[in-house]
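The next block holds one structure in the form of structure tokens; read it before the comments.
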Amino acid sequence: MIDQNSPNLAALRQICLALPGAAEKASHGRPTFFTKKIFAVFGGVEKGHHHSGRYDEAVLVLPDPAEAPALLSDERFFTPGYYGPYGWVGLDFTAAPVDWAEVQELVVESFRQTAPKTLVRALDETPLNLRP
């Protein structure tokens, strides 16, 4: 389902797996990144369009709820099927050149929303320099 050789997946993997306690597993054919709960997913779908491939090159994250409306007003972002009702948003990597600093911020915020407090403290105690 997902191109495991995707440069976007490789870059996302670098960001996600640098976070404290983070791991990767496949879920529904997609790479997911988690601690106790999922904090990022590579690839998404629109509800009812599972095989369109439209958002195969995207990241799904859980932003701060106050930030979601602003993100969704940007044409690069979308409401992903199945995750969207729970506050998740998707960033389409094919809509514009990817700003990896922005992706890092989104992933870190999603991590903060989902990770156990001990891992969030570990993140705060160790500054990350994930992207050049």
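The values are calculated or read from the model by the stated rules, or taken from the named source; none is laboratory data. Not measured: the values here are computed from a predicted model. Neighbour counts run over all protein chains shown; Cβ positions are idealised from the backbone, glycine included. These area figures cover heavy atoms from the full protein model, side chains too; ligands, DNA and RNA do not enter into them. Shrake-Rupley method; radii C 1.70, N 1.55, O 1.52, S 1.80 Å.
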P65 vs. criteria open to solvent by 60 Å² or more (accessible area, probe 1.4 Å), part of a helix (DSSP H, G or I) and farther than 23 Å from E125 by Cβ: no
Give me the pairs, please: first residue somewhere in region 90-105 and surrounded by fewer than 12 Cβ atoms within 10 Å (Cβ to Cβ), second residue anywhere and at pLDDT 95 or above and in a loop (DSSP other than H, G, I, E, B), beta-carbon distance under 8 Å, and either six or more positions apart or on two chains. A96/R76
Extreme residue, surrounded by the most Cβ atoms within 10 Å (Cβ to Cβ), among residues of region 71-89 that are modelled with pLDDT of 95 or more and part of a loop (DSSP other than H, G, I, E, B): W88
Determine if region 26-35 includes at least one residue that is at pLDDT 95 or above and part of a loop (DSSP other than H, G, I, E, B). yes
Surrounded by fewer than 19 Cβ atoms within 10 Å (Cβ to Cβ), at positive phi, assigned to a loop (DSSP other than H, G, I, E, B) and at pLDDT 95 or above, is that true of G53? no
